[in-house]
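S.K.: The structure is given below, and queries will be raised subsequently.
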Amino acid sequence: MKKLSTVRVFAAWLAALFVSGAAIQAYVRMQPTGMEVGIIDFFGGSKISQETLRGALTIKEGHSISFNEPPVFIEESRRRLTALPGVVDAQLTIVCCEESRAIVYVGVHAAGDFTSRFAGAPTGAVRLDDDVVQAGRQFEQALTSAVRRGQGQEDDTQGHSLAIDPDTRGAQQRFLVIASRDDRKLRTVLRESADAEHRALAAVILGYAGDKQSAVDDLVRAVNDPAEGVRNNAMRSLLVFTMTEPTATRPVPKVPYEPFVGLLNSPIWSDRNKSSHALSVLTKNRDPKLLALLRTEAMVSLVEMARWKSVGHAGAALTILGRMAGLPDDVVQQQVMRGEREPIIAAALTPG
């Protein structure tokens with residue numbers, strides 16, 4: 001499989017699905033040569049003013065960026081950001097799209113920030129079989145084509161994603177067969193393989209395991225993987241597990257919330273995107289222990305995300321904050337639709 005680009009370029013729809021290097025590159029290739037930047041938003045580095053951070057960037061809202069080559073501003077802006085006093089690291093992510101314009105998210109890790117720590121990279125020689133790799137490529141190609149045609153919707157009621165697009169759905173049904181046939185090898189690859197692309201694909205296919213509860217521990221371990229794409233896909237599989245519609249023979253898998261809480265503080269956008277969406281489901285029953293943990297471990301991060309200009313990307317954090325404040329979900333939704341975010345944030349920040 002193709003190697004991941006060092007430049008993270010995501011479509012909003014793709015970030016909500018399964019992201020891999022090949023899928024990202026396929027999306028980039030289908031973009032026009034230039035796209036206007038509509039939003040630049042920040043997270044992390046709360047002790048450093050956004051004015052200072054924005055001044056270090058070599059890109060501004062209204063500028064046009066090219067997808068033909070890795071955007072030059074990514075590395076240059078990152079270099080300038082990390083030269084600022086107190087900045088340990090910085091990551092820039094391009095997300096497409098908000099009203100046909102790109103979003104640039106700037107994640108900053110400043111000295112003293114609480115941030116996620118990941119496991120070391122595995123070094124094993126085990127790899128997925130060639131037919132599994134080919135199935136992954138077919139899925140990526142079908143998904144890219146489907147979303148380009150506006151057919152990216154999916155059904156998650158069975159605890160795994162099944163697209164409405166017949167080609168994508170056919171590829172996913174192939175994953176059901178592979179997950180049953182290669183269960184042990186998929187888990188071994190996810191845990192031991194030195195190839196991050198193979199680990200990332202294994203995290204997708206394990207989401208199609210017949211016994212989903214048995215796959216939870218393996219996927220939770222992968223949430224701590226050093227590779228962003230592996231974490232992304234593992235979180236996405238776990239997220240879809242939580243969306244299972246229960247029947248007499250299909251229980252909802254029990255997914256722990258602790259791994260997602262820590263990733264809310266990550267300087268990497270996809271970590272925050274997936275963990276916040278997972279927690280917007282896992283907080284639905286308003287477990288007091290989870291809400292208390294979020295208050296002590298991730299309050300600053302949730303408020304940052306709730307203020308992102310893109311309502312679609314801020315929505316999960318606003319939902320979580322609304323529950324922390326004791327507000328009904330429908331009230332939070334109405335306030336968000338009216339553009340009234342600050343009252344939700346203020347209510348969450350008020351001690352109960």
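S.K.: Within segment 136-153, is even one residue within 30 Å of Leu302 (Cα to Cα) and either touching a helix residue (DSSP H, G or I) at 6+ places or on another chain (Cβ under 7 Å) or of a type in the set (D, E, K, R) (or both)?
M.R.: Taking every residue of segment 136-153 in turn, at least one turns out to be within 30 Å of Leu302 (Cα to Cα) and either touching a helix residue (DSSP H, G or I) at 6+ places or on another chain (Cβ under 7 Å) or of a type in the set (D, E, K, R) (or both).
S.K.: Determine whether segment 280-301 contains at least one residue that is over 22 Å from Asp329 (Cβ atoms), β-branched (Val, Ile, Thr) and not in a loop (DSSP other than H, G, I, E, B).
M.R.: yes
S.K.: In addition: When you go through (1) touching a residue at least 12 places away in the same chain (Cβ under 8 Å); (2) surrounded by fewer than 20 Cβ atoms within 10 Å (Cβ to Cβ); (3) not in a helix (DSSP H, G or I) one by one for Arg117, which number turns out not to apply?
M.R.: (1)
S.K.: Look through Asp156, Asp130 and report the one residue that is free of Cβ contacts under 8 Å to residues at least 40 places away in the same chain, of a type in the set (D, E, K, R) and either out of contact with any Phe, Trp or Tyr (no Cβ under 7 Å at 6 or more places or on another chain) or more than 25 Å from Glu245 (Cα to Cα) (or both).
M.R.: Result of the check over Asp156, Asp130: Asp130.
S.K.: Looking at segment 183-201, can you tell me whether even one residue there is in a helix (DSSP H, G or I), within 30 Å of Gly112 (Cβ to Cβ) and in contact (Cβ under 8 Å) with a residue 24 or more places away in the chain?
M.R.: Within segment 183-201, one or more residues are in a helix (DSSP H, G or I), within 30 Å of Gly112 (Cβ to Cβ) and in contact (Cβ under 8 Å) with a residue 24 or more places away in the chain.
S.K.: Quick one: in segment 107-118, of everything that is over 18 Å from the mean Cα position of the chain (by Cα) and of a type in the set (Gly, Ala, Ser), which residue is modelled with the lowest pLDDT?
M.R.: Gly112
S.K.: Which one of these does Asp217 not meet: (1) part of a helix (DSSP H, G or I); (2) buried (at least 19 other Cβ atoms within 10 Å of the Cβ); (3) under 20 Å from the mean Cα position of the chain (by Cα)?
M.R.: (2)
The values are calculated or read from the model by the stated rules, or taken from the named source; none is laboratory data. Values in this document were obtained by computation on a predicted structure and should not be read as measured data. Counting neighbours? That spans all protein chains shown, and the Cβs are built from the backbone with ideal geometry, glycine included.
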